[in-house]
1. If you take the residues in region 50-102 that are outside any helix (DSSP H, G or I), farther than 30 Å from residue 117 by Cα and of a type outside the set (A, V, I, L, M), which one is modelled with the lowest pLDDT?
2. What's the number of the only condition in (1) more than 24 Å from residue 42 (Cα to Cα); (2) in contact (Cβ under 8 Å) with a residue 12 or more places away in the chain; (3) β-branched (Val, Ile, Thr) that residue 60 fails to meet?
3. Looking at residue 44 and the list (1) modelled with pLDDT under 95; (2) closer than 14 Å to residue 154 by Cβ; (3) aromatic (Phe, Trp, Tyr), which single condition is not satisfied?
4. List pairs: first in region 141-152 and part of a helix (DSSP H, G or I), second surrounded by fewer than 18 Cβ atoms within 10 Å (Cβ to Cβ), Cβ under 6 Å, 6+ apart or cross-chain?
5. Taking only pairs six or more apart or across chains, which ones have beta-carbon atoms under 7 Å, a first residue in region 107-123 that is free of Cβ contacts under 8 Å to residues at least 60 places away in the same chain and over 13 Å from residue 51 (Cβ atoms), and a second residue that is part of a helix (DSSP H, G or I) and hydrophobic (A, V, I, L, M, F, W, C)?
6. For region 103-138, give me each residue that is under 25 Å from residue 151 (Cβ atoms) and either touching a helix residue (DSSP H, G or I) at 6+ places or on another chain (Cβ under 7 Å) or assigned to a strand (DSSP E or B) (or both).
7. If we scan region 75-96, do we find a residue that is crowded, with 16+ Cβ neighbours inside 10 Å and closer than 17 Å to residue 143 by Cα?
8. Looking only at region 91-141, count how many residues are of a type in the set (Val, Ile, Thr) and within 22 Å of residue 62 (Cβ to Cβ).
Amino acid sequence: MRQYDDERRSPVERIVGQDLDEQSGKGKPLSSRASQTQRSIEAYLKAGVRPRWMERVGDIDAGIARERRRLARAYRALQGECAGDPQAFATRWRDCARSWDFEELNVLIEQHNNWYPIERDLPLNPRTGDYVRVGGRSYRRPLLGEEWVFEQFPPTPSADAA
């Protein structure tokens, strides 16, 4: 039965559940030092340590920019190869977009979507049961895939694309 329960829980719930006392279901008590230490972004930055969520967001942004540059190069090269044949370009670009590997970046994005509200200690909206928006927008990042590629670089080439 326990294995079935583990399969139904998210990765975050499984990891947090490992720190619970099996009998009481409560977390382990904090040490006196840990309970007296200030936990704020300012304290992390003074200590010279960036919080994991901050590192991960930077990695995601850098990864998206890198993939966008790589896609732009591939897009321009394919436009040059298929000059004068928009049908061939569209077919080959769709194949390229389908085969583009975003797995490593999507793992980071999934970790961000699962852990960011916990790491930032975001409050819950009591009406929706979801975490509050950050700066007026959702903290969640969309996973990258074929649709994202086509939003950035459409399969019908235009003079201003890329």
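The values are calculated or read from the model by the stated rules, or taken from the named source; none is laboratory data. Remember, predicted model here, so these are calculated numbers, not experimental data. Glycine also receives a Cβ, built like all others from the backbone with ideal geometry; neighbour counts cover every protein chain displayed.
1. If we filter region 50-102 for residues that are outside any helix (DSSP H, G or I), which is where we start, we get 50-51, 82-85, 100-102.
From what's left, farther than 30 Å from residue 117 by Cα: 82-85.
Those still in the list that are of a type outside the set (A, V, I, L, M) too: 82, 84-85.
Working: 82: 90, 84: 85, 85: 91.
For region 50-102, the residue satisfying everything is 84.
2. (1)
3. Among (1) modelled with pLDDT under 95; (2) closer than 14 Å to residue 154 by Cβ; (3) aromatic (Phe, Trp, Tyr), residue 44 violates only (2).
4. 146/98
5. Once the first residue is free of Cβ contacts under 8 Å to residues at least 60 places away in the same chain and over 13 Å from residue 51 (Cβ atoms) and sits in region 107-123, its partners that are part of a helix (DSSP H, G or I) and hydrophobic (A, V, I, L, M, F, W, C) give 108/60; 109/60.
6. Answer for region 103-138, where residues must be under 25 Å from residue 151 (Cβ atoms) and either touching a helix residue (DSSP H, G or I) at 6+ places or on another chain (Cβ under 7 Å) or assigned to a strand (DSSP E or B) (or both): 105, 108, 109, 111, 112, 114, 116, 134, 137.
7. no
8. Taking region 91-141 as the starting set, the residues that turn out to be of a type in the set (Val, Ile, Thr) are 91, 107, 109, 118, 128, 132, 134.
From what is left, the residues that are within 22 Å of residue 62 (Cβ to Cβ) are 107, 109, 134.
Residues that pass the stated criteria total 3.
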